[in-house]
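The next block holds one structure in the form of structure tokens; read it before the comments.
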Amino acid sequence: MTLAVNAVNKQAIAGAFGRAASKYDTVAKLQQQTGEYLMELAQTENIGTQVLDAGCGTGFFSTRWTQQGKQVIALDLASGMLSHAQEQQVADYYLQGDIEHLGLADNSIDMCFSNLVVQWCNDLSRALREFYRVTRSGGLIVFSTLIQGSLHELETAWKQVDDYRHINQFLPLRTIMQACQPYRHKIISRQYCQYYPQLLPLLNSLKGIGATHLHHGCQQGLMTRKRLNTLAEIYPRHNGDYPLSYQIAFGVIYCDK
Ligand SMILES: C[S@@+](CC[C@H](N)C(=O)[O-])C[C@H]1O[C@@H](n2cnc3c(N)ncnc32)[C@H](O)[C@@H]1O
């Protein structure tokens, strides 16, 4: 059985996130909420000092770990994100790299922290194997990822406008659970919903975090005012606002080697 979403274009992903780096922290509200929860999950365990922030982005959570006295390695695929993180001096070490092929020695870190990154992988099992390989015995891996059903309001609305694919396909929860099966672990799923007074800021929020790159090719159909208005008419409302829901899986893996 394969857990791959599809062969993703990593260069395109790195480019999309790199371009988003300068504005990322102002729009990445969901990432901040899930990352805080992931930190809480990690802090209930007694871990050492070496933390790998795998897919660190601008390094928002590298900073949080550094403030807690940890030695942090900030790693990201996107050079644009990593140089932004480095300018802010968020960590002790910076590494450009791919979480599916980590350039780190076996058992070299105490904790691997990865907030909303593994959904961009080819193969979740491979990324988890890499996290497990570099984490020492007794260490911890915590990660969060999007589950199938995320962004369903937008997907349903787009389907009524055209036949193009506008939303990435995320793994079902059972597939994420299967990928964790080789390890002692726990998985928690939570739903988050964000509300926007207008549709354009909702769409811009996805663009602002670099999440508009599609696994299955490129986005099609130019966003004209007419299409935006049609989408806005169809889109469901909650007390006048446009809701956008995310289903998030939080994984905790214990390294019993
Ligand atoms: C949604 S952002 C999350 C950033 C950060 N973890 C946070 O909580 O703000 C996803 C990040 O993962 C990085 N990324 C995507 N695929 C990656 C891969 N295969 N290896 C390493 N980083 C990757 C992107 O460049 C981007 O910075």
>> Using only DSSP helix segments of four residues or longer, with each worth -39500 (n - 2.57), what per-residue ellipticity at 222 nm results for the chain after dividing by its residue count and rounding to 500?
In response: -11500 deg cm²/dmol
> For the chain, what is the accessible area per residue in Å² when the probe is 1.4 Å?
Replying inline: 46 Å²
> What helices does the chain have that are whole DSSP H segments, at least 15 Å long along their own axis by Cα, and with mean Kyte-Doolittle hydropathy of -0.5 or more?
Replying inline: 10-27, 124-134
> Using a probe of 1.4 angstrom, how much of the accessible area of segment 1-128 is carbon and sulfur, in percent?
Replying inline: 46 percent
> If you place +1 on the Cβ of every Lys and Arg and -1 on the Cβ of every Asp and Glu, how big does the dipole about the Cα centre of segment 6-88 come out, in debye to the nearest 20?
Replying inline: 240 debye
> Taking +1 at the Cβ of each Lys and Arg and -1 at the Cβ of each Asp and Glu, which of Ala179, Tyr235, Gly138 sits farthest along the dipole of the chain towards its positive end, judged by Cα position relative to the Cα centre?
Replying inline: Tyr235
>> If you average the C-alpha positions of segment 194-208 and of segment 1-76 separately, how far apart do those two centres end up, in angstrom?
In response: 22 Å
>> I need the semi-axes of the equivalent ellipsoid of the chain: take the C-alpha gyration tensor, multiply each eigenvalue by 5, square-root it, list largest first in whole angstrom.
In response: 32, 19, 17
>> With +1 on the Cβ of every Lys and Arg and -1 on the Cβ of every Asp and Glu, and nothing else charged, how large is the dipole of the chain about its Cα centre, in debye rounded to the nearest 20?
In response: 400 debye
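The values are calculated or read from the model by the stated rules, or taken from the named source; none is laboratory data. Keep in mind it's a predicted model, so treat the numbers as computed, not measured. Backbone-built Cβ (ideal geometry, glycine too); neighbour counts: all protein chains shown. What goes into the accessible areas is simple: the full protein's heavy atoms, side chains included, and nothing from ligands, DNA or RNA. Shrake-Rupley method; radii C 1.70, N 1.55, O 1.52, S 1.80 Å.
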